[in-house]
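For reference, the structure is listed below as structure tokens.
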Amino acid sequence: MAIDAHEIRNWLEAECPVEMRAATRGDEDVCWGGRRWAFQSPAQKLWFERCLARGFTVPTWPREYGGAGLSRDEADVLYAEMRRIGARPPLTSFGISMLGPALLAFGTPAQKAEHLPRIALGQIRWCQGYSEPGAGSDLASLATRAEDKGDHFLVNGQKIWTSYADKADWIFCLVRTNRDAKKQLGISFVLIDMATPGVSTRPIVLISGKSPFCETFFDDVAVPKGNLVGKLDRGWDVAKYLLTHEREMIAGGGSNLFDSHALDKAAAQVRPKDPILRAKIAEAAVDTYAFDATRRRYSDEVARGGELGARSALLKYDGAELNKRRHELAMSLAGADGLYFDGNREPGVAEGWLRSKGNSIEGGTSEVMLDIVAKRLLDLPAD
């Protein structure tokens, strides 16, 4: 389907409920989907159903999998018009932002037919099983193992910082299938139903008082061979591809123009007299638009057949640092009121500021991202 700004603007104005044009206050306002999901309001349900009917939960996916078949340029028009009126995403999912692109690139026809439509429909909620207690930035050191038992793998091990694992239905997971091979060459990418016997989770609380993170444990978990994505022992190829999408997703916080507009609005209301603070607000706004222009340029190059590759590390680093700066400014604008935090009321400035610190850790630390940029984009010497 072809799409233009005028047509989609009219559709959004007519179909997006007013309640879905307000900024989210926290996870409770986000539509996550999943087996246990219950819509939080009639407006949220209506907005989801209207977008679903047009394929807008996954606009760039092929129609056969529930998408709208939009090009990246057309999707950018849709997202820009949604931001213009402050419309919330109709569905948020790691299945959409991470697993879906990996399945489209590496999945078998059977795997695509089984999983992609259910992601688009919001029927299954996914989480990511990558990091381990001894394998964070050095992810290839992971120790969770999957033993070949003929018609299935037997998985044992532990993952950590597994976002929303306690609420997820399935997990896409990196496991070691060959302990004799070089680190990256002995890893496989598998899909595991969280309802499988032997899978358990335990939440991790952060300094903000709340947390999406969990520890995830696998004790003799049987995984069908059909849940292997890509080639055996070559899961690192899938993992790297998926990581570019994860970093792009996290970097999206840096190009979130709605947050930038919200900061501009707050600044206009407060009218800070401090010239240094005013200059920082202007600088953050300019940097946001510059970052978004860079992201769009990379997106255009990918649409023409190029690869994002190591540039995802640049986007992730810059986006994470920019988002942290915006939250610092929001705290400065709020003054003493921004310091109030008891962990019980609705999320506010303090909670957002505390949470933003994790942006430079999750999905690869800022230090690791800079190392990737130095080596793979700038060709600087290792020593």
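The values are calculated or read from the model by the stated rules, or taken from the named source; none is laboratory data. These numbers were taken from a predicted model, which means no experiment stands behind them. As a convention, Cβ positions derive from the backbone with ideal geometry for all residues, glycine included, and neighbour counts pool all protein chains shown.
Of all the listed residues (Phe153, Phe172, Phe106), the sole one being more than 29 Å from Asp27 (Cα to Cα), out of contact with any Ser or Thr (no Cβ under 9 Å at 6 or more places or on another chain) and surrounded by 15 or more Cβ atoms within 10 Å (Cβ to Cβ) is Phe106. As for segment 57-77, it holds no residue that is touching a residue at least 24 places away in the same chain (Cβ under 8 Å), in contact with an Asp or Glu (Cβ under 6 Å, 6 or more places away or on another chain), farther than 24 Å from Asp292 by Cα and crowded, with 17+ Cβ neighbours inside 10 Å. It is to be established whether one or more residues within segment 37-56 are part of a helix (DSSP H, G or I), modelled with pLDDT under 95 and of a type in the set (Asp, Glu). So far as segment 37-56 goes, no, none of its residues is part of a helix (DSSP H, G or I), modelled with pLDDT under 95 and of a type in the set (Asp, Glu).
Suppose we keep only residues that are among the hydrophobic types (A, V, I, L, M, F, W, C) and not in a loop (DSSP other than H, G, I, E, B) within segment 180-191. Which one would you say is modelled with the lowest pLDDT?
Filtering segment 180-191 for residues that are among the hydrophobic types (A, V, I, L, M, F, W, C) and not in a loop (DSSP other than H, G, I, E, B), the one modelled with the lowest pLDDT comes out as Leu185.
Checking the stated criteria, Ala140 turns out to be modelled with pLDDT under 95 and either touching a helix residue (DSSP H, G or I) at 6+ places or on another chain (Cβ under 6 Å) or closer than 18 Å to Val223 by Cα (or both). Of all residues in segment 13-56, those being within 20 Å of Pro117 (Cα to Cα), of a type in the set (Lys, Arg) and surrounded by 13 or more Cβ atoms within 10 Å (Cβ to Cβ) number 4.
Name every residue in segment 128-147 that is polar (S, T, N, Q) and surrounded by fewer than 17 Cβ atoms within 10 Å (Cβ to Cβ), in order of residue number.
Ser137, Ser141
Going by the conditions given, is Met20 at pLDDT below 95 and not assigned by TED's automatic domain parsing to the domain that holds Pro212?
Values: at pLDDT below 95: no; not assigned by TED's automatic domain parsing to the domain that holds Pro212: yes.
Criteria not met by Met20.
If you go through segment 212-225 and keep only what is surrounded by fewer than 14 Cβ atoms within 10 Å (Cβ to Cβ) and of a type outside the set (Lys, Arg), you end up with Asp219, Asp220.
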